[in-house]
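What follows is a set of notes on a single structure, which appears directly below.
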């Protein structure tokens, strides 16, 4: 049997409980594993999402922190924490000490004192502060610059492509009836809109982007920084109303949108599908399979042929990602020969260029001219292999006939569970921003759990950087519920592509099993819990999706599907390590509830077909609300039959 923590979040390491802290009227929590100070709140009102420090290498990789020697003095309305953090990775050896204090007047200070133990190149060292998206977007603020001048402005309502504020010495804004003033010392700070990368926050950070990067840090070099939060005047303590109650889901009558087609990416290392894999993929009714063809490699014909075979086997059209080089004209001409020979069922061409973060219009025009005769009537998408940032900063012409295309993942800036949950609610912001400069629906492709490697090599016994052990966990299943809920219900999505079909970036394990069984302990031919999420959605593939609202979005999420007969399926997920007693406001009804949790997850993974046949236990609402008890990281399928009661 797998340890519970592996089922929960793919690791045998038990995560420490956060330390709950109070500073006068403010509440917050400290994470002993990461050094994050999170969720600084006045009652239900979040003033600061997080304060933390990051060591980022010359490629913007975040060096994992190893926190030790935590000392704490915690009083009823104040606290002081001190801890040491070592960041070691390859040539990087960096040690910093954190000191965090909170006073009874609501003041909070986060101090960073670091020293390099080796010589290395870096892009950033020091403190970052996250301002919450929900409370701040579109709200006025005042920035004080290093020369003492003030700038009146506001947090961007829709995603700002570039930094909204530079040279930030202090920023103030109102939340929960009081004004928070945040001062920064020890470096030059500026702000970016992290929603560009699907984060649910604005970030004020050190090391302005205008400085040359990477910068050489020599052994012994020191950095001293400090951030101080003060309330303008003593604020009355507000008791949380929502956060003090149990989670509840509500389902507004409108809006209702057609469920967009959901497809999956094919692995880079394509292998023939087994009969069982074909059967399991067909059960998901994929809206498409995506294959990427780096046309300069000379291998596009073989890869396209394998992709065509798999698409035919699972009865899905192909999305063909064309990664062009400067010799695009010849590459596309060769591709048309392959298309004429293979006669693939192509649902969409996606156009990219290997040297461009966002493909130039001339390449799209060229691809359209050459490929249109080979596959008449096929739509084109153009954009980036990277993030919405590139689309936002290189906006296509208003009359562009191509669909906008970009990828998403929740781990661009941090990789802990809390960050991944938070970023579920930043993902749909890109779709709101897209409406301001494009009338076309978005092709979000692919959605992955972590940043994809453009040049990946899978080696036995090693976990590549774009593989996350949480792929095989209950957490990933719950995160998938939240991701589909946020993106599909936004209303201007042409299609969604998730994960890969097979392998440790995918929906199920290969026939041969994992290449690194000690750190990715899946069983050969098993499915991952998130497979069952897509299987449950697939049964309503021709239906509609309703917006589903959570009173506690960082704890519980859900999505609601409706078919042509009026039957409803609600998928709910516990995103936390604590059992949640959830209420669903769904009116008077009878339902069948099937759980996927620690009690049956291994059976669901290893005996997929048996689990799929289980109908769930009967339930009836009381006072218009249905009770669902979710064990840690559990997912529940709630089927409501309008004629059953």
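The values are calculated or read from the model by the stated rules, or taken from the named source; none is laboratory data. Bear in mind that the values here come from a model prediction, so they are computed numbers and not experimental data. Methodologically, a virtual Cβ is constructed for each residue, glycine included, from the backbone with ideal geometry; neighbour enumeration extends over all protein chains shown.
Of all the listed residues (359, 412), the sole one being more than 19 Å from the chain's Cα centre (by Cα) and in a loop (DSSP other than H, G, I, E, B) is 359. The conditions of being farther than 23 Å from residue 423 by Cα and either touching a residue at least 12 places away in the same chain (Cβ under 8 Å) or in contact with a strand residue (DSSP E or B) (Cβ under 6 Å, 6 or more places away or on another chain) (or both) are not met by residue 547. Here residue 401 passes the criteria (1) free of Cβ contacts under 8 Å to residues at least 40 places away in the same chain; (2) part of a loop (DSSP other than H, G, I, E, B); (3) touching a helix residue (DSSP H, G or I) at 6+ places or on another chain (Cβ under 6 Å) except the one numbered (3).
Within region 290-305, the residues that satisfy the criterion of being at pLDDT 95 or above and either assigned to a strand (DSSP E or B) or touching a strand residue (DSSP E or B) at 6+ places or on another chain (Cβ under 7 Å) (or both) are 290, 291, 292, 293, 294, 295, 303, 304.
So that you can scan it fast, the table gives a plain yes or no per residue for (1) touching a helix residue (DSSP H, G or I) at 6+ places or on another chain (Cβ under 8 Å); (2) touching a residue at least 60 places away in the same chain (Cβ under 8 Å):
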site: 573; (1), (2): yes, yes
site: 581; (1), (2): no, yes
site: 603; (1), (2): yes, no
site: 609; (1), (2): no, no
site: 622; (1), (2): no, no
site: 631; (1), (2): no, no
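So that you can scan it fast, the table gives a plain yes or no per residue for (1) touching a helix residue (DSSP H, G or I) at 6+ places or on another chain (Cβ under 7 Å); (2) assigned to a loop (DSSP other than H, G, I, E, B); (3) free of Cβ contacts under 8 Å to residues at least 60 places away in the same chain:
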site	(1), (2), (3)
510	no, yes, no
515	no, yes, yes
519	yes, yes, yes
532	yes, no, no
537	yes, no, no
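Residue 285 passes every criterion in (1) out of contact with any strand residue (DSSP E or B) (no Cβ under 8 Å at 6 or more places or on another chain); (2) over 30 Å from residue 572 (Cα atoms); (3) at pLDDT 95 or above; (4) part of a loop (DSSP other than H, G, I, E, B) apart from (2). Being assigned by TED's automatic domain parsing to the domain that holds residue 340, outside any helix (DSSP H, G or I) and crowded, with 17+ Cβ neighbours inside 10 Å is the requirement here; does residue 381 meet it? When the stated conditions are applied, residue 381 passes them. Could we say that residue 46 is outside the structural domain of residue 465 (by TED's automatic domain parsing), surrounded by fewer than 21 Cβ atoms within 10 Å (Cβ to Cβ) and on the phi < 0 side of the Ramachandran plot here? No; evaluated as a whole, the condition is false for this residue. Any residue that is in a loop (DSSP other than H, G, I, E, B) and either more than 23 Å from residue 231 (Cβ to Cβ) or not assigned by TED's automatic domain parsing to the domain that holds residue 38 (or both) - is there at least one of those in region 81-102? Yes - at least one qualifying residue is present in region 81-102. Checked against the criterion of being under 20 Å from residue 497 (Cβ atoms), in a loop (DSSP other than H, G, I, E, B) and either touching a residue at least 60 places away in the same chain (Cβ under 8 Å) or assigned by TED's automatic domain parsing to the domain that holds residue 407 (or both), region 325-346 has at least one qualifying residue. Looking across region 260-272, just one residue is at pLDDT below 95 and either touching a helix residue (DSSP H, G or I) at 6+ places or on another chain (Cβ under 7 Å) or not in a loop (DSSP other than H, G, I, E, B) (or both), and that is 270. One residue is enough: does region 127-138 have a residue meeting the conditions free of Cβ contacts under 8 Å to residues at least 12 places away in the same chain and within 22 Å of residue 232 (Cβ to Cβ)? Scanning region 127-138 turns up no residue that is free of Cβ contacts under 8 Å to residues at least 12 places away in the same chain and within 22 Å of residue 232 (Cβ to Cβ). For region 9-38, the tally of residues that are part of a strand (DSSP E or B) and buried (at least 20 other Cβ atoms within 10 Å of the Cβ) stands at 7.
Run residue 327 past the list (1) surrounded by 14 or more Cβ atoms within 10 Å (Cβ to Cβ); (2) more than 20 Å from residue 404 (Cα to Cα); (3) modelled with pLDDT of 95 or more and report the number of the one that doesn't hold. Checking residue 327 against (1) surrounded by 14 or more Cβ atoms within 10 Å (Cβ to Cβ); (2) more than 20 Å from residue 404 (Cα to Cα); (3) modelled with pLDDT of 95 or more, the one that fails is (1). For residue 482, the stated conditions hold: it is outside any strand (DSSP E or B), modelled with pLDDT of 95 or more and either in contact with a strand residue (DSSP E or B) (Cβ under 8 Å, 6 or more places away or on another chain) or surrounded by fewer than 18 Cβ atoms within 10 Å (Cβ to Cβ) (or both). Can you find a residue in region 433-455 that is out of contact with any strand residue (DSSP E or B) (no Cβ under 6 Å at 6 or more places or on another chain), in a helix (DSSP H, G or I) and in contact (Cβ under 8 Å) with a residue 12 or more places away in the chain? Within region 433-455, one or more residues are out of contact with any strand residue (DSSP E or B) (no Cβ under 6 Å at 6 or more places or on another chain), in a helix (DSSP H, G or I) and in contact (Cβ under 8 Å) with a residue 12 or more places away in the chain.
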